[in-house]
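Here the structure is laid out as structure tokens; the discussion comes afterwards.
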DNA sequence: CAAAAAACATACTAGTTAGTATGTTTTTTG
DNA sequence: CAAAAAACATACTAACTAGTATGTTTTTTG
């Protein structure tokens, strides 16, 4: 009987935590969608509570300020997405150059977390927040570094395996590749079309082949 | 006597037009600096009239709305800057690949219209405005196209001169180069440092050399 | 099951925003 | 030089903003 009560209590805590956590996560996800689509400044708390259908009290119970929510989006949504969608694919492939190309192709043409018309979430945040909010800079810098580190590692591994020329500078290549990715997403956003992605990928392939 | 009066009158008109035009231009320039530094949304009309020291009445005499001013910044400031700083340098150089490299180097390291911590003005506008303002998209698309067209032309000319391999796809290269430029500016903005520009330029050079 | 804490709900506020109404001054014109 | 138009100035407003004060309901705990 006592064991049952304990179990029951535990269960209740779990369920409660789950429900509260679920609300929090739901707010983060819907808020992200709004911000990804419209921008951070132009997405108001009222917008968020309208689409999430939580009240202002509930929102401010979960997040002290709007910026705290913004940071939570970066740390709790974008970071995991980066790990799963941008880094993991680099690891299980024989040839890092192929892996990089396939990753880019997937990110640009197939990934349905990312929308062409909205650009790159991290780049959007960078553009909008960096000038006046150092906490955001820091968080964004962190996830950027993370990607950076893993691309470099992949290239260096390729050099050790003799798949990439030894005179290639892994860091330069990484920065060049990352830049081109950010840029093409900006392009896609401006044109609101994936048209540019095709020639971009074509040239990326040529470039990567030149490193073999 | 009559001739003198006519001259005097003409002169007054000229001076007046000049003064009015000067005010308008001054507003545009100061507003651009603010927006370039802080973003469009976070720059209020009150900010602008405070730094320009024109009154609200004067501001709204020159611009019907804030967005009209934003478009004027793109069309009357960014567009000429693009022509002078991004396109003209491509034309007076023997080798287009050298011209492209030198242009990028100049834009990233020497141009003092552009600041590393603020990124690329056109990219900033694109990120912030494109989702919800088609007039801005159009204006930005126009200046992007302009740069695009001239880079392609330079590369094709290089191919005719035998300076660039004939199997190179001029459009793909252009998109790749433009993307990398936008991306590296985003990088610089995030890191608030030109550090990344050096390896970027190094790799850009390698890449461009591979097209010879 | 009572007390307490967690989770949510409602009504408000103080500040900011773009834009306007209504002036005055300066310049132009016949 | 008088009338009119251009250029600027001041005071306001209505809508929106993030955030708060003060609840109520739901859940947890001893």
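Among the numbered criteria (1) within 14 Å of chain B (Cβ to nearest Cβ); (2) within 9 Å of DNA strand C (Cβ to nearest atom), which one does residue A:47 miss?
That leaves (2) as the condition not met.
Grab the helices (runs of 4 or more DSSP H) fully contained in segment B:68-186, keeping just those with 1 or more residues being closer than 29 Å to residue A:108 by Cα.
Values: elements: B:79-82, B:88-91, B:96-105, B:121-129, B:134-160.
Ranges flagged: B:79-82, B:96-105, B:121-129, B:134-160.
Do we have residue B:97 as modelled with pLDDT of 95 or more, within 23 Å of residue B:141 (Cα to Cα) and crowded, with 17+ Cβ neighbours inside 10 Å here?
Taking the combined requirement at face value, the residue does not satisfy it.
Residue check: is residue A:202 surrounded by fewer than 18 Cβ atoms within 10 Å (Cβ to Cβ), within 7 Å of chain B (Cβ to nearest Cβ) and under 23 Å from residue B:169 (Cα atoms)? If you could, list the steps in order and put the result at the bottom.
Details: surrounded by fewer than 18 Cβ atoms within 10 Å (Cβ to Cβ): yes; within 7 Å of chain B (Cβ to nearest Cβ): yes; under 23 Å from residue B:169 (Cα atoms): yes.
The answer is yes for residue A:202.
If I ask for residues that are surrounded by fewer than 23 Cβ atoms within 10 Å (Cβ to Cβ) and at the interface with chain A (Cβ under 7 Å from one of its Cβ atoms), which ones from segment B:154-176 would you list?
Once the filter is applied, which keeps residues that are surrounded by fewer than 23 Cβ atoms within 10 Å (Cβ to Cβ) and at the interface with chain A (Cβ under 7 Å from one of its Cβ atoms), segment B:154-176 yields B:169, B:171, B:172.
Among the candidates B:22, B:31, single out the residue that is away from chain A (no Cβ under 14 Å), assigned to a helix (DSSP H, G or I), more than 13 Å from DNA strand D (Cβ to nearest atom) and at pLDDT 85 or above.
Numbers: B:22 fails: more than 13 Å from DNA strand D (Cβ to nearest atom).
None of the other options fit; the residue is B:31.
Tell me which residues, restricted to segment A:50-64, are more than 8 Å from DNA strand C (Cβ to nearest atom) and on the phi > 0 side of the Ramachandran plot.
Result: no residue meets the conditions.
The conditions are (1) out of contact with any helix residue (DSSP H, G or I) (no Cβ under 6 Å at 6 or more places or on another chain); (2) within 10 Å of another protein chain (Cβ to nearest Cβ), and residue B:212 fails exactly one of them. Which is it?
So the condition that residue B:212 fails would be (2).
From the list B:159, B:145, B:127, B:105, pick out the single residue that is free of Cβ contacts under 8 Å to residues at least 12 places away in the same chain and in contact with a helix residue (DSSP H, G or I) (Cβ under 6 Å, 6 or more places away or on another chain). It would help to see each step written out before you state the result.
Details: B:159 fails: in contact with a helix residue (DSSP H, G or I) (Cβ under 6 Å, 6 or more places away or on another chain); B:145 fails: in contact with a helix residue (DSSP H, G or I) (Cβ under 6 Å, 6 or more places away or on another chain); B:105 fails: free of Cβ contacts under 8 Å to residues at least 12 places away in the same chain.
Unique residue meeting the criteria: B:127.
Looking at segment B:34-57 only, could you name the residues that are near DNA strand D (Cβ under 8 Å from one of its atoms) and surrounded by fewer than 16 Cβ atoms within 10 Å (Cβ to Cβ)?
Within segment B:34-57, B:53, B:55, B:56, B:57 meet the criteria.
State yes or no: is residue A:89 surrounded by 22 or more Cβ atoms within 10 Å (Cβ to Cβ) and over 19 Å from residue B:187 (Cα atoms)? Reasoning before the result, please.
Values: surrounded by 22 or more Cβ atoms within 10 Å (Cβ to Cβ): no; over 19 Å from residue B:187 (Cα atoms): yes.
Spelling it out, it is not the case that residue A:89 is surrounded by 22 or more Cβ atoms within 10 Å (Cβ to Cβ) and over 19 Å from residue B:187 (Cα atoms).
If you check residue B:179 against the conditions, is it within 9 Å of chain A (Cβ to nearest Cβ), out of contact with any strand residue (DSSP E or B) (no Cβ under 9 Å at 6 or more places or on another chain) and over 19 Å from residue A:192 (Cβ atoms)?
Working: within 9 Å of chain A (Cβ to nearest Cβ): yes; out of contact with any strand residue (DSSP E or B) (no Cβ under 9 Å at 6 or more places or on another chain): yes; over 19 Å from residue A:192 (Cβ atoms): no.
No.
The values are calculated or read from the model by the stated rules, or taken from the named source; none is laboratory data. Values in this document were obtained by computation on a predicted structure and should not be read as measured data. Positions of Cβ are generated from backbone atoms using ideal geometry, with glycine treated the same way; all protein chains shown enter the neighbour counts.
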